Structures are given as C-alpha cells and as structure tokens.
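Nothing in this text is a laboratory measurement; each read-out follows from the coordinates by a stated rule. All values derive from a computational prediction rather than experimental measurement. Heads up, the Cβs are rebuilt from the backbone with ideal geometry, glycines too, and the neighbour counts pull from every protein chain shown.
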Amino acid sequence: MASKRFEDSLIPYLRERFPNEVQSLPEPEIREMIKHAIKKARSYGITTRRGIAKYAEVMQYLGVNFDQDPKWPWARYLLTDKQKPNAIERISTLYIEVLKRMSPSEFPGIEKA
C-alpha cells in the first residue's frame with residue numbers, strides 16, 4: 001500500500017504539471033486518480049515512486065485506462081514488452097514514447113523528448 005505521504009506529494013506535482021486537467025479537480029478526486037494509477041502501475045510490476053509518478057503522468061496524457069484503450073495499442077505493448085523484463089525500463093520507454101508522439105498544442109505542459 002502506498003503511503004499517504006506519497007499520495008500527498010503527487011497531488012501538487014500533478015496540479016503543477018497538468019494545470020488544465022488537474023488544477024480544478026477536488027483533492028478527493030485527484031487522490032482517487034492517484035490510487036488508481038498506483039493499482040494499475042503495480043499490475044505491470046511498477047512499484048517505485050518514480051515509476052508510479054510516470055504512470056500517473058501517462059494517464060493524464062492518454063486517459064485513465066489508456067492501457068485498455070484501442071486508440072493506444074502501442075502503450076499496452078510497451079507496458080508488457082517481454083524484451084524488457086525490467087518494469088522501470090518499460091515505464092520509462094512508454095513515458096518517452098508518449099512525449100515523442102504527443103503534440104505540444106494538445107498538451108501545453110508537455111516537454112518534447
């Protein structure tokens with residue numbers, strides 16, 4: 001179980017990184033989103049705070065259930081890539097790929113890789 005302190009630290013981080021998407025949401029809703037990110041990340045073997053934070057960021061770019069969305073088949077592939085047994089390597093590859101594919105006009109806070 002993730003610590004409340006970790007959840008607390010992600011709230012302002014996500015609000016800052018995604019002002020248009022997260023800033024206006026009430027804290028309980030953000031906290032639920034973070035808990036969902038933790039659960040989903042862990043289902044892919046991602047257990048570090050940094051990895052979970054990256055997963056939560058990808059959720060902001062692609063949607064809460066991006067890993068099941070037929071619009072993003074490459075995302076699920078990268079999360080389950082058997083060529084990369086290390087979960088941190090998989091989430092890092094996914095994160096970089098998202099940054100490469102997303103347009104800054106769609107996501108003003110995005111930093112191109």
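Compute the Rg to Rh ratio over the stretch 4-101 from the alpha carbon atoms, using the Kirkwood formula for Rh, and round to two decimal places.
On the Cα set of the stretch 4-101, Rg over Rh gives 0.95.
Would you mind calculating the gained length between residue 9 and residue 24 on full extension (0.36 nm times residue separation, minus the Cα-Cα distance), in nm to one decimal?
Extra length available between residue 9 and residue 24 comes to 3.7 nm.
Once you keep just the Cα pairs under 8 angstrom separated by 6 or more residues, what percentage relative contact order results for the chain?
20 percent
How much net charge surrounds residue 90 when only other residues with a Cβ under 12 Å from its Cβ are counted (Lys, Arg +1; Asp, Glu -1)?
Computed value for this residue: 0.
Below 11 angstrom from the Cβ of residue 27, what's the summed charge of the other residues (Lys, Arg +1; Asp, Glu -1)?
Once positives and negatives cancel, what remains is -2.
Work out how much length residue 93 to residue 74 would gain on full extension: take 0.36 nm times their residue separation and subtract the Cα-Cα distance, in nm to one decimal.
5.7 nm
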